[in-house]
Amino acid sequence: MPLLAYALTALATLALVHRRVLPLSRLAAILLFFLPFAFVGAALLTGGVYGPVDHPWQTVPLSWMRDAYGVGETHNGALSDIYMQMIPWRKAVHWSLAHGEWPLWSPFTFSGEVLAAASQSAPYHPLTLLACLLPPALSFTFTAAMTHLIAAVGAFLFARELACREGAALVAGVGFAFAANMAFFALWPLGLAWAWLPWCLLGARRGSLPLLTSAFTLLLLTGHPETALHVVTVSAVYWLVIVRRRTLAVVGAGLLALALSAIHLLPMLEALPQTMEDAYRESEAFLSLDRSAPPRDVVARIATDAFPYLFFRRIEGTRLIPYDSAAVGSIVLALAVFGVLRIRSRESCFFAGLAVFGLLARGGFEPIVRPLQKLPLFSVALNERFSFAAAFALALLAALAVERCHRENDTVSAARSGRPARRPARSPVLLLAVLAAIVAGNLYLLQASFVDHAPLQWGQYKIAAEIAGLALAAAVVARRPKHFAIVLVALVVAQRVVEEGGIIKTFDAKIAYPPIPILEPLKEVREPFRITGHGNAFIPGTSTLYELEDVRGYQAMTFLRYRATYPLWSIHQPVWYNRVDDLTRPFLSFLNVRYAITWDRGVPPPGWREVARQKGAVVLENLNVLPRAFVPRTVRLGSRNALEEMQQESDFAQRAWIEAGGPADAVNGPGRVTIREHVREYDLDATMERAGWVVTSIPAWKGWRAYVDGKRVETQIANHAFVAVHVEEGRHRVRLSYWPRSFVIGRGISAATLAGLLLSYSAVQLFRKRRLASPPAQLNR
């Protein structure tokens with residue numbers, strides 16, 4: 001299935017490029033089509049999963065099923081975001097669309113959270129929508145292949161725009177698509193967002209309204225606003241320095257892209273101020289943090305870009321080196337050095353400067369990092385990710401160098417008269433000089449005591465690939481056979497596969513979230529309930545793939561009010577999920593936690609009973625669980641110390657804290673509530689003996705609307721972070737719906753803009769047809 005999805009999408013992309021952007025030769029189109037197979041080919045051809053689906057098998061209940069499914073030791077622990085965020089997000093989008101709903105809300109983690117507004121789920125991006133035709137985990141094989149294709153085709157087109165021949169342009173495509181950071185982040189929105197950089201640069205260079213609008217829109221819909229800031233900045237600087245024409249088209253493209261993306265951007269902008277992450281990045285502690293690195297760290301990070309042997313290794317005396325290395329391999333690096341030294345043009349100077357800037361920003365060089373920290377938006381961004389721009393710049397400089405070699409060949413051929421003229425020897429000499437530096441540097445690092453020389457999970461032959469690959473490339477450039485550029489492309493592909501091809505492993509699709517016997521009985525429970533894992537059991541995010549609702553989570557946008565309740569029931573772990581160690585905490589009952597997955601243990605804790613067991617794991621049921629919506633016996637109105645007072649509460653059915661009114665205590669109800677859950681809505685039947693508050697354990701993100709007997713009423717916040725509704729005496733139908741106003745406005749803006757563009761295009765086409773069909777005017781004689 002992934003192979004068919006990729007083949008159809010890739011062929012359509014290449015056909016559209018050929019027709020609307022730049023004609024492609026048959027050979028170039030074939031090579032571009034098959035380039036992603038270098039990394040993702042095994043998964044595409046076998047129907048496997050290109051992603052870390054082995055990681056949920058680390059803990060119960062899956063860990064005791066490893067032998068039955070042939071799952072070995074986990075591969076690359078740095079991919080935690082993929083199995084805890086990206087795959088669950090994709091599943092939540094897939095689930096919403098399958099139910100015919102807008103992907104606005106996910107009930108599966110953090111007791112329910114925003115989905116589209118969390119941005120990185122990218123539910124409106126065309127590639128996400130196509131991916132949702134596949135099973136969620138399997139869809140990432142398609143995502144990775146398309147990320148590499150988009151990056152390769154974009155770099156190829158931009159190099160062609162700079163008058164590079166197709167062979168030289170393919171070097172740019174391979175160099176950028178297979179850079180270390182692109183290979184590592186191929187499954188993140190970050191990787192796909194940076195893949196649009198050359199497309200944005202191409203649109204800016206041409207001043208093409210359709211192309212630039214499309215590139216900007218696809219960039220924004222990718223769901224990584226930080227990268228969108230970086231890519232747009234690089235494109236704007238390039239336009240200001242190099243192009244400086246067709247201003248209206250460039251500005252118009254930006255405005256149209258914002259309008260087309262309003263359905264994505266406005267909900268995100270509404271949700272962001274409600275998050276823990278925004279509060280932290282806007283805090284004085286973060287803004288005053290010195291994000292520059294000590295000189296030793298700067299050298300270590302840049303050395304990692306030049307010597308991939310250091311990638312994923314610890315270097316004594318330095319802080320942890322980020323994974324976003326700009327390494328492009330010795331062949332592309334050497335060609336880029338040749339491009340810098342031998343080509344004198346505005347373009348080469350700009351991209352040489354961009355490469356240096358990106359490498360120094362990634363290294364944490366203080367004269368660059370400090371000024372960036374003082375700029376709006378950049379002050380809260382991770383600016384070391386300009387390393388992606390550096391990788392693209394190096395790949396493009398390499399393409400310019402190969403084109404220079406082509407032109408030297410042409411000059412030699414044209415100058416032949418009687419006896420063969422000597423080829424210019426400067427390019428192989430420069431490559432050999434870089435080769436000597438690569439050899440010397442690696443020999444030194446292999447003996448260095450400050451480098452961790454432990455075996456790696458992949459890339460054990462990096463040094464051999466670096467040296468042998470560049471030596472062969474130098475020989476090819478020295479001889480320059482007729483199709484030497486294609487030979488260089490093959491060498492670069494082989495080198496990058498040896499060095500980075502193992503970052504992400506391909507797994508048999510059968511291990512991607514198979515049925516778990518002890519969870520099967522939970523499918524028969526009709527009323528809404530939530531689960532948790534005890535300690536590290538059932539890693540958060542995994543529940544989404546089984547359509548179970550977990551109170552824990554690990555996301556890029558965490559509801560700040562919900563985070564404030566952690567001390568009542570869980571343990572916060574920095575850059576990880578909130579761990580539940582004590583199942584007897586009363587707040588878990590309020591959170592509607594009916595079941596807990598834990599290891600095969602002795603007597604269940606007080607208030608819990610065992611309901612299912614398999615080897616190594618059990619499911620416990622909470623005997624004190626509260627419904628998702630209920631009427632507490634008393635309420636405390638307007639308390640300013642709700643969280644402190646809630647710490648002392650042992651029964652949340654007895655009391656709830658309501659932020660409205662007060663301060664006062666009041667008897668509440670009594671009343672009874674039954675609840676039915678839908679994708680982004682709840683239907684409540686409330687029977688109230690007296691007027692009172694219906695309290696829920698639904699996180700109170702902005703956007704929840706309440707209707708009592710069809711009439712909209714105001715919601716309030718209960719227990720610091722959850723939705724509550726006041727209901728009068730009698731029997732009433734209450735509906736809670738997550739339908740944020742920002743989404744309604746954004747959807748309207750995007751729809752109107754798209755309709756306007758389609759109507760304008762149709763009108764222009766109709767005018768052209770009529771003009772061509774009208775008879776020519778008679779000439780006066």
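Tell me, which helices (runs of 4 or more DSSP H) lie completely within the stretch 538-620 with 1 or more residues that are open to solvent by less than 40 Å² (accessible area, probe 1.4 Å) and out of contact with any helix residue (DSSP H, G or I) (no Cβ under 9 Å at 6 or more places or on another chain)? Spell out how you get there, then give the answer.
Details: elements: 542-545, 560-564, 586-590.
Where helices (runs of 4 or more DSSP H) fall fully within the stretch 538-620 and carry at least 1 residues being open to solvent by less than 40 Å² (accessible area, probe 1.4 Å) and out of contact with any helix residue (DSSP H, G or I) (no Cβ under 9 Å at 6 or more places or on another chain), they are 586-590.
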Worksheet item: Only one residue in Leu202, Leu192 is part of a helix (DSSP H, G or I), open to solvent by less than 10 Å² (accessible area, probe 1.4 Å) and at pLDDT 95 or above. Which one?
Response: Leu202
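Go through the residues of the stretch 360-379 one by one and say whether even a single one is at positive phi and open to solvent by 10 Å² or more (accessible area, probe 1.4 Å). Step through it out loud before you land on a result.
Filtering the stretch 360-379 down to residues at positive phi leaves 364, 377.
Checking the rest, the ones that are also open to solvent by 10 Å² or more (accessible area, probe 1.4 Å) come to 377.
The answer is yes; a qualifying residue exists.
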Fill in: Residue check, Gly47 in contact with a helix residue (DSSP H, G or I) (Cβ under 7 Å, 6 or more places away or on another chain), at positive phi and either without any contact (Cβ under 8 Å) to a residue 60 or more places away in the chain or surrounded by fewer than 22 Cβ atoms within 10 Å (Cβ to Cβ) (or both)
yes
Discussion item. If I ask for residues that are over 21 Å from Ile518 (Cα atoms), surrounded by fewer than 23 Cβ atoms within 10 Å (Cβ to Cβ) and among the small types (Gly, Ala, Ser), which ones from the stretch 57-95 would you list?
Written reply: Gly72, Gly77, Ala78, Ser80
Fill in: Among (1) part of a helix (DSSP H, G or I); (2) over 29 Å from Ala537 (Cα atoms); (3) open to solvent by 60 Å² or more (accessible area, probe 1.4 Å), the one test that Leu32 misses
(3)
Discussion item. Please go through (1) over 16 Å from Leu22 (Cβ atoms); (2) in contact with a Leu (Cβ under 7 Å, 6 or more places away or on another chain); (3) part of a loop (DSSP other than H, G, I, E, B) for Ala137 and return the number of the only condition it doesn't satisfy.
Written reply: (2)
Worksheet item: So Arg526 clears everything in (1) assigned to a loop (DSSP other than H, G, I, E, B); (2) surrounded by 16 or more Cβ atoms within 10 Å (Cβ to Cβ) except one condition, right? Which one?
Response: (2)
Worksheet item: Does Val234 satisfy being crowded, with 21+ Cβ neighbours inside 10 Å, touching a residue at least 60 places away in the same chain (Cβ under 8 Å) and part of a helix (DSSP H, G or I)?
Response: yes
Discussion item. Tell me yes or no: at least one residue of the stretch 642-665 is of a type in the set (D, E, K, R), free of Cβ contacts under 8 Å to residues at least 60 places away in the same chain, surrounded by 15 or more Cβ atoms within 10 Å (Cβ to Cβ) and under 24 Å from Asp550 (Cβ atoms).
Written reply: no
Practice prompt. Search the stretch 561-577 for residues that are under 18 Å from Phe590 (Cβ atoms) and basic (Lys, Arg) and pair each with any residue that is assigned to a loop (DSSP other than H, G, I, E, B) and open to solvent by 40 Å² or more (accessible area, probe 1.4 Å) when their beta-carbon atoms are under 9 Å apart and the residues are at least 6 apart or on different chains.
Written response: Arg561/His720; Arg563/His572
Worksheet, complete the sentence: Within the stretch 255-296, the residues that are touching a Leu at 6+ places or on another chain (Cβ under 8 Å) and closer than 30 Å to Ala755 by Cβ are Leu256, Ala257, Leu258, Leu260, Ser261, His264, Leu265, Pro267
Discussion item. When the residues of the stretch 314-329 are narrowed to those that are touching a residue at least 60 places away in the same chain (Cβ under 8 Å) and within 24 Å of the chain's Cα centre (by Cα), which ends up most open to solvent (accessible area, probe 1.4 Å)?
Written reply: Tyr323
Worksheet entry | Extreme residue, farthest from the chain's Cα centre (by Cα), among residues of the stretch 447-467 that are closer than 11 Å to Gln495 by Cβ and among the charged types (D, E, K, R) | Glu466
Item to complete: Tell me, please, whether a residue that is of a type in the set (D, E, K, R), open to solvent by less than 60 Å² (accessible area, probe 1.4 Å), modelled with pLDDT of 95 or more and under 29 Å from Phe307 (Cα atoms) can be found in the stretch 475-495.
Response: no
Item to complete: Out of the residues in the stretch 669-680 that are in a strand (DSSP E or B) and crowded, with 16+ Cβ neighbours inside 10 Å, state the one that is nearest to the chain's Cα centre (by Cα).
Response: Glu677
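The values are calculated or read from the model by the stated rules, or taken from the named source; none is laboratory data. Note that the structure is a prediction, hence the values are computed from the model and not measured. Don't worry about glycine lacking a Cβ; one is built from the backbone with ideal geometry, like all the others, and counts go over all protein chains shown. For the accessible areas, the whole protein counts, side chains as well, though only heavy atoms, and no ligand, DNA or RNA atoms are used. Shrake-Rupley method; radii C 1.70, N 1.55, O 1.52, S 1.80 Å.
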